[in-house]
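The values are calculated or read from the model by the stated rules, or taken from the named source; none is laboratory data. Keep in mind the model is a prediction, meaning the values are calculated, not measured. Here the Cβ positions follow ideal geometry from the backbone for every residue, glycine too, while neighbour counts run over all protein chains shown. Side chains included, ligands, DNA and RNA excluded: accessible areas come from the protein's heavy atoms. Shrake-Rupley method; radii C 1.70, N 1.55, O 1.52, S 1.80 Å.
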Amino acid sequence: MDAHLVQVLVDTQKPQGAPRKQAELELQLAQRNPDFPLALTRIGLSQQLAVGIRQASLSALRRFVEKNWQPEGNDPDHVPISDETKEYLKTTILNLAIAPEDEQDERKVKVSASLLISKIAVADFPHNWPNLLPTVLGIMPTGNDAQLHGALRILQDLVEEAITDEQFFSLARDIITACYEVALNVNRKSQHRALAVAVLRACFDLMEVVKDGHKKEVKAFADEVLSGWLPFMEQVVSSPLPEVANADSQPEEWYGPVALKIQVLKTLIKIKTVFGSLLLPQSPKFFTVTWQELKRLGPVYEALYVTSDSQSRLEDTDGLPYSVDVLVLDELDFLNQCMRASPVAKSLEAEIASHGSVHNTPWVLELMEILVRYGQVSQEEEGLWELDVSLYLAEETSVSSNYTARTACGDLLIKMGEWMGEDAFVGLYAFTKTLFVGEHPSWQKQEAALFLFISLFNDFYDCEKNIPLNMSHAWLELVNYAIGRQDLPMLRARGYLVAGALARTYEPALGLLDAVITAMNQDESELVQVACVKAVEGFIIGGAPIEAQVPIIVAIQQFLESKDMSDLDDAEDLLVTLLDTLRSAFKMDYRIVLSPESKALDLVFLVVKHGAANLQVDGLVNDIFYELAERIQQIEDPALYTALCSKALPSITSTFDVANLTQDEPLVTIAAEILAVLLNFGVEPLPAGLVATVLPKVNRLLMSSDEAEVLRPAAEAVKYMLQHDHQQMFNYQDENGRSGLEVCLHIIDRLLGQNLEDNAAAEVGGVAAELVEKAGQERLGPFLQQLLQAVAQRLDSAQNVGLIQSLILVFARLSEVGAHDVVEFLSGININGQNGLQVVLTKWLENSVNFVGYEETARNIIALSKVYALNDPRVAQVQVRGQLIISEGNRIRTRSQTKLQPDQYTIIPAPLKILKLLVDDLVTASGAQPASKVAAAAASQFADLDSDDGSEGWEDETNDLVNLGAAVSAGNFDFGDKVRNDETGEYLRVFFVKAAQENTANFQHWFELLSDEEKGKLRELAQ
């Protein structure tokens, strides 16, 4: 079996799809053979085989173990593993992981073996594998380097994958002690000492979880641990790297020491996060040694990355980084953290006070020197930007995933700005002005200083903080110098970007607009050109004169015309920048954009053609047309709307003509979305001939495509045409003589079909509702009841909330004016053996709470109140789901447990459910929160006051995700359009007061069945 499996594993790595899939299938079938795990083990052990095959065998064995070692439930695909095989695997794989061989290939195999051990340990450790940890820990003091490496890898994977919070207290001390002995042993390789520190950091990850239930115990344990570790960490950070001769690349002698320093810094940052109060007393020491290390490494960093092109972000086989650029990045990050510690901040503030001003304070100038030095463009970045200007723009828009020392410097300066306010500008300028004097100034440092300024400026601007005018004036002088350096395109580009930033708030900077427009096409550097495209937006925001609108748009047009358009297909950030600038330019005067001679919208469609698959492009294009159409609607100018349609529709409809509707075509999706936006803001009546132009194309989409992203906006387009000009719709005839009404019925019939997924049909209800409302019984005749029955039939099977809301609103809109007729109709139809009223009301009332949309929720509320007021016994007989029955215990249930024991709800009559929903809507419409949410929020705040998260003495770090979650939990944040609505609130107040006074539909009886909270809200209303 072994030889056959080896060949199968070889085939699984082939690039060709067919043989690879066949091999994967054979591997799956081979699992039924009892010898399968043993054969994979033998392959993994065989040193005669290529390391890639051995790794593949251990990876296949790991997947087999994860699935079959301890199966959950009655899995039909489970392959039993005998106890004898399990014991053999545990012993053999453990021996492999801690074997004495130390070749590079063996290290790779051991990494795979270690991960496999952790997967087995999840199930068997410690009860069925009691000797695992003693074996690993026992070999660490005396084992050779290879054995120590294997043991540390096992420990790391055990802590990260296998050890539970319940096992923490019994195991953590021994693991941390063993790692401590390795880390302090200078006779061990630095890489292994670094790995020992990485295991410690994994232990702190586990402590972060455990401390939630055992704060005092875990904090005391951490305090004990850190008493030994922190002095060691301080010594590692402060130790200089070994001296070596000058080299263009990082010396091998530095690999281990750099890796150790990096792991120590990452662990310190973790400790600060979990137990900040324990690190606080040591923060001044760590701040000082990190500061000194950054000053010491500055010339090294410049030599490796600014004047040379050394390889960055190097990692070893254990995933531990060991290059200087990563070390510097972590040091900057940790320095940033330390500056927020109260002892450090007080000391720095005192020094500023003693010197009388920021620009005379030595530490401020030293820090600015550090930031400028590490903020320089590396040769690697410079080369990448010259090849692809989109990468340059990615840094400017902060969307790059490549977090570098340069961006870390910008972040640190932003934090200084939050702390020091305007003085951060003063300190930066005090150092920067020294860079622009002398015979041979460094353009890299000049560019870095301007980059840091724009980082700080943008943060102040975004936070609406004041930017000193004298600083703006001083930096504008530096900008003039930078854009005048014709021999330095990188500096020139940065100068234009700073000019665009300054123009937002400093009027004199607007004088550079003509230079920016000219450089957009005439500068010899493409980097400068795209910087100018980006910068123009700032000038427009700052109040560029209206006369500049046409030159800006023409300049962008010329920029695009000068490019090979095929190069734009992958230039996503450039396309986004172009759209951003066009969007801003359009806002200057929409009339000029829509004038007959303007080609502005053609530019948008040109960009879309090459970036349709990009989500940012999609969103921006929708925003551009939304703002255009909305503005035209606001000024109530039908001629402008006609002009917009005449410019946009040819591009939209031509896209539909050439598209393959059986495939996912992003361009078709965007075209359909733009069309829906245009028609949403349509004038009434629509321009003559619009329906004849649009409906045939949209009909083809809706009858041919299966793509949800196309069908939804296309259906919306039909809905809006019915909404704004049903007469033009009904008067339309297609090439086969079918009327617009017939076309709509065919579209609805197709969208209601069971073969379309819910998400694709989500807008069909809107089309149906508009058609029923506009056509009525007179036009629809017998088709009306067929249509409504088809809607109810589709509602029965619908699971998607969007589709359910869409279909329900058909009946809701009818109920506003004829609730009795709706109940009468539904009571008389049969849907899959159930009464139609039971089906529709159940779906309606159980999903109503999830409805979104200002108008939709308002109409839903009115419709429900009308149905309730009928006091129809057929409605009262409908039983629906009430409140969730909370089971005993508060443990989180797994998905399999939920399947075995589904959630249980009370069952209540429909009128009671309607009142409960309306009370909730009354609370939402009034802007208040239910008492239960208020109580929960209060309890949460008291709990926070009583807690100790270990971060005292450190400046708070804003976590937007956590804050958002807290706001939701506390009831301070609403999703969708469920927001305060005075009109709906007033309607509900009148409804409840009248119902109470007149005992509408036996209101007093239902009132007594409401919860105490619901009663309280209504009594509060009565008062």
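Using a 1.4 Å probe and counting only protein heavy atoms, arrange SER815, SER598 so the residue with the most accessible area comes first.
I get SER598, SER815, largest accessible area first.
Determine ³J(HN,Hα), in whole Hz, for all residues of the stretch 700-715 in sequence, where each value follows from phi through the Karplus function 6.51 cos²θ - 1.76 cosθ + 1.60 and θ = phi - 60°; x replaces Gly and Pro.
Once θ is set to phi - 60°, the couplings for the stretch 700-715 become 4, 4, 5, 8, 10, 7, 10, 7, 4, 5, 8, 5, 5, x, 5, 5 Hz.
Give, in nm to one decimal, the length gained when the segment between ASN850 and ARG313 is fully stretched (0.36 nm per residue of separation minus the Cα-Cα distance).
Length gained, ASN850 through ARG313: 188.6 nm.
Percentage of Cα-Cα pair distances in the stretch 758-849 greater than 24 Å, rounded to whole percent?
11 percent
Mind computing the radius of gyration and Dmax over the alpha-carbon atoms of the stretch 583-670? Å is fine for both.
13.5, 40
Which of THR518, LEU491, LEU469 sits farthest toward the positive end of the charge dipole of the stretch 437-527, with +1 on the Cβ of Lys and Arg and -1 on the Cβ of Asp and Glu?
Value computed over the given set: LEU469.
Once the convex hull of the alpha carbons of the stretch 84-137 is built, what does its volume come to per residue, in cubic angstrom?
Taking the convex hull of the Cα positions in the stretch 84-137, it is 74 Å³ per residue.
If I model a spin label as a point 7 Å beyond the Cα along the Cα-Cβ vector, how far apart are those points for ASN800 and ASP105 in nm?
Here the modelled spin labels are 5.3 nm apart.
Among the lysines, which have Cα under 16 Å from the Cα of LYS272 when same-chain residues fewer than 8 positions away are ignored?
LYS211, LYS215, LYS219, LYS285
Once both labels are modelled 7 Å past Cα along the beta-carbon direction, what's the VAL437-ALA3 spacing in nm?
8.2 nm
Below 8 Å between Cα atoms, with a sequence gap of 6+, how large is the relative contact order for the chain in percent?
Relative contact order, the chain: 6 percent.
About the Cα centre, and with charges only on the beta carbon of Lys, Arg (+1) and Asp, Glu (-1), how big is the dipole of the stretch 736-835? Nearest 20 debye, please.
With only Lys, Arg, Asp and Glu charged at Cβ, the dipole is about 180 debye.
Counting only other residues whose beta carbon sits under 10 Å from that of ALA910, what net charge do I get with K and R as +1, D and E as -1?
Around ALA910, the surrounding residues sum to +1.
By how many nm would the segment from LYS609 to ASN755 lengthen if fully extended, with 0.36 nm per residue of separation less the alpha-carbon distance?
Answer, rounded to one decimal: 49.4 nm.
May I ask you to give the solvent-accessible area per residue for the chain, in square angstrom, as obtained with a 1.4 angstrom probe?
On a per-residue basis, the chain sits at 45 Å².
Taking R0 as 51 Å, what FRET efficiency do you get between ASP920 and GLU84 from their Cβ-Cβ distance, rounded to the nearest 0.05?
Rounded to the nearest 0.05, the efficiency is 0.25.
What is the extension gain from ASP570 to SER827, computed as 0.36 nm multiplied by their sequence separation minus the C-alpha to C-alpha distance, in nm to one decimal?
Roughly 86.8 nm would be gained on extension.
Can you give me the angle between helix 51-68 and the longest principal axis of the chain, using Cα atoms only, in degrees from 0 to 90, rounded to the nearest 10?
It works out to around 50 degrees.
Sort 995-1007, 143-155 by packing, meaning the average of other beta carbons within 10 Å per residue, with the highest value first.
Put in order of decreasing packing, that is 143-155, 995-1007.
If I model a spin label as a point 7 Å beyond the Cα along the Cα-Cβ vector, how far apart are those points for ASN731 and ARG779 in nm?
Calculated label separation equals 1.2 nm.
Roughly how many Å is it from the Cα centre of the stretch 510-539 to that of the stretch 241-260, as a whole number?
43 Å
For the stretch 288-444, what size does the Cα cloud have along each of its three principal axes, sorted from largest down, in whole Å?
If we take the Cα atoms of the stretch 288-444, the spans are 47, 42, 29 Å.
Going down the table (LYS609/LYS697; LYS913/LYS1017; LYS90/LYS266; LYS110/LYS270), which pairs top 23 Å between alpha carbons?
Listed pairs above 23 Å: LYS90/LYS266; LYS110/LYS270.
Taking a probe of 1.4 angstrom, what is the accessible area of GLU386 in Å², to the nearest 10?
Roughly 130 Å² of GLU386 is accessible to a 1.4 Å probe.
May I ask for the equivalent-ellipsoid semi-axes of the stretch 308-373, computed as the square root of five times each C-alpha gyration tensor eigenvalue and listed largest first in whole Å?
Equivalent ellipsoid semi-axes, largest first: 33, 15, 5 Å.
Just flag the trypsin sites (Lys or Arg not before Pro) in the stretch 726-782 sitting in loop per DSSP whose Cβ has no more than 15 other Cβ atoms within 10 Å.
Here the sparse-neighbourhood loop sites are ARG738.
Given a Förster distance of 56 Å, report the FRET efficiency between GLU161 and THR288 from their Cβ-Cβ distance, rounded to the nearest 0.05.
Step by step, r from the Cβ atoms, then E = 0.90.
What number do you get for the stretch 57-189 when its Cα radius of gyration is normalised by 2.2 N^0.38 Å, N = residues?
In units of the 2.2 N^0.38 Å rule of thumb, it is 1.08.
Okay, which of the stretch 840-861 sit inside 18 Å, backbone N to the point 7 Å along the Cα-Cβ direction of ASP982?
Zone members listed by number: 854-855, 858.
Give me the Debye-computed log₁₀ of I(q)/I(0) at q = 0.11, 0.22 Å⁻¹ for the stretch 429-504, equal point scatterers on Cα only, no solvent, two decimals.
Log10 of I(q)/I(0), two decimals: -0.25, -0.98.
Heavy atoms only, probe 1.4 Å: what % of the accessible area of the chain goes to carbon and sulfur, would you let me know?
Ligands and nucleic acids excluded, carbon and sulfur reach 50 percent.
How are the alpha carbon pair distances in the stretch 605-714 distributed across 5 Å bins from zero to the largest one, expressed in percent?
Calculated over all Cα pairs of the stretch 605-714, the distribution is 2, 12, 24, 24, 20, 12, 5, 1, 0 percent.
To test your reading of the geometry: what angle, between 0 and 90 degrees and rounded to tens, separates the Cα axis of helix 931-946 from the longest principal axis of the chain?
Here the helix axis deviates by roughly 10 degrees.
Defining a contact as two alpha carbons under 8 Å apart and six or more residues distant in sequence, what relative contact order in percent does the stretch 87-241 show?
About 21 percent, as a whole number.
By how many degrees, 0 to 90 and rounded to 10, does the Cα axis of helix 168-184 deviate from the longest principal axis of the chain?
40 degrees
At 1.4 Å probe size, put TYR88, TYR392 in order of accessible surface, largest to smallest.
Descending accessible area places them as TYR88, TYR392.
How large is the convex hull of the C-alpha atoms of the stretch 590-634 per residue, in Å³?
Convex hull of Cα atoms, per residue: 58 Å³.
Compute the whole-percent fraction of alpha carbon pairs in the stretch 244-284 spaced more than 11 Å apart.
70 percent
What is the distance in Å between the Cα centres of the stretch 775-851 and the stretch 1-50?
A separation of 56 Å, based on Cα centres.
May I ask you to derive the relative contact order of the stretch 154-204, considering only C-alpha pairs under 8 Å and at least 6 residues apart, and to give it as an integer percent?
RCO, the stretch 154-204: 45 percent.
What is the calculated FRET efficiency for ALA220 to ASN131, with r their C-beta to C-beta distance and R₀ = 25 Å, to the nearest 0.05?
Efficiency computed from Cβ-Cβ geometry: 0.25.
Evaluate the charge dipole of the chain about its Cα centre and quote only its size in Debye, nearest 20, assuming +1 on the Cβ of each Lys and Arg and -1 on the Cβ of each Asp and Glu.
Magnitude of the dipole: close to 1940 debye.
Taking the square root of 5 times each eigenvalue of the Cα gyration tensor, what semi-axes in Å does the equivalent ellipsoid of the chain have, largest first?
Semi-axes from the Cα gyration tensor: 55, 43, 32 Å.
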